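Each value in this text was obtained by applying a stated rule to the coordinates, not by laboratory testing. Source: prediction; values computed, not measured. Methodologically, a virtual Cβ is constructed for each residue, glycine included, from the backbone with ideal geometry; neighbour enumeration extends over all protein chains shown.
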Amino acid sequence: MAKAVKRVSKASKSTRSKPKTVISQSQRKKTKFKVEKMNKQHDALSFNAGEMNKALRGSPKENDKKSTLHKRDILEGRQKDRAIKDLLDKKEKAADDSLLKQIEMMSGFSL
């Protein structure tokens, strides 16, 4: 005799809820404190969303300003790279020409 097989429907697995991302209590407190501080300093009506986001994130660091590249610096770098590449190409061509001359001299010398 065969044993009874218990069947589990697939619907029961799909109805399970996934855990939601939770904001930590300390992060909530920090944000609440910052909002209250901004409300005290400024009138809430004069603030727009962009200014509030900037205030919450803080001012940008000075190191970030130094690390950004400017268009002029990029163009100067490209010019230097081209000059170096041209110089290397000339040296490689000279070496190839020299090798070619040496091979021609050897082939003329062979018995």
Checklist outcome for this item: Given 83-89, 31-37, the highest-first ranking by average Cβ count within 10 Å works out to 31-37, 83-89
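For residue 72 and residue 96, FRET efficiency with R0 = 35 Å and r from the beta-carbon atoms, rounded to 0.05?
Values: r = 36 Å, r/R0 = 1.04.
In this case the efficiency is close to 0.45.
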Checklist entry - Within segment 70-111, what is the number of lysine pairs with alpha carbons under 17 Å apart, leaving out pairs fewer than eight places apart on the same chain? => result 7
Item to check | Using θ = phi - 60° and Karplus 6.51 cos²θ - 1.76 cosθ + 1.60, couplings along segment 81-89 (whole Hz; Gly, Pro as x) | outcome: 4, 4, 4, 5, 5, 4, 4, 5, 4
Checklist outcome for this item: Once the in-chain neighbours fewer than 8 apart are removed, the aspartates and glutamates whose Cα is under 20 Å from residue 37 read 51
